[in-house]
Amino acid sequence: MNGSKVLVLAAAMSVSSTAFSAGTHGGSHDASSGEPGNASEASRTVNVEMFDNYYEPEEIDVEPGETVRFVVENKGNLVHEFNIGTPGMHEAHQDEMKMMVEHGVIQGGKLNRAMMEMDMGDGHSMKHDDPNSVLLEPGESKEIVWKFTEQSNIEFACNVPGHYQAGMYGDVNFTRGLAEQ
Ligand SMILES: [Cu+2]
């Protein structure tokens, strides 16, 4: 057996678990990015298109407490992510995504789904199935229903290595519903 490969995968997996815990439980309440929402409570649908390497729209306005249904489509030629989180969450997730590239899970415009689904023997895998994020191959489309429970510093971002740095992120602004003329 190839012992070193198993070790490498286990290392990638543990990074993934850590990032997921940080995302779901958060370090503190003021760093919350919200929570998974119910589709029946969504006030509207926002269509998000992903290109190489930017989003359309570039920013999103929401109301505190609002549940939004996002339909995300990858119109680029590379694998891209739509991830709702605080800047700190994105930074942590970028380490995880770097390992996914290093281990061949993300290969330019392709995802190695066999490796993502691989059962590590203890119920863990390198699946990318956090509720605040979708990771899409070119041409793919998926939905996220997200509740923006409270106003905080939130960005949507692609954490595929180099993409955030190339500007593939946008602000979630809590200006919707405020009195404005
Ligand atoms: Cu990207």
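Quick rundown of the values:
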{"read-out": "Three-way shape call for region 63-112 based on the alpha-carbon gyration tensor, with the a/c threshold at 1.5", "value": "oblate"}
{"read-out": "Spin-label zone in region 137-175 - amide nitrogen under 14 Å from a point set 7 Å from the Cα of Thr45 along the C-beta vector", "value": "141-145"}
{"read-out": "Residue exposure sequence - Ile84, Ile60 - by fewest surrounding Cβ within 10 Å", "value": "Ile60, Ile84"}
{"read-out": "Dipole magnitude (debye, nearest 20) for region 79-181, charges at Cβ of Lys, Arg, Asp, Glu", "value": "220 debye"}
{"read-out": "Partners for Lys75 among lysines (Cα-Cα distance below 27 Å; same-chain residues under 8 apart left out)", "value": "Lys98, Lys110, Lys127, Lys142, Lys147"}
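Any read-out appearing in this document is the output of simple, stated calculations on the displayed coordinates, not a laboratory observation. On a predicted model such as this, the values are computed, not experimentally measured, just so you know. Using ideal geometry, Cβ is built from the backbone for each residue, glycine included, and neighbour counts are taken over all protein chains shown.
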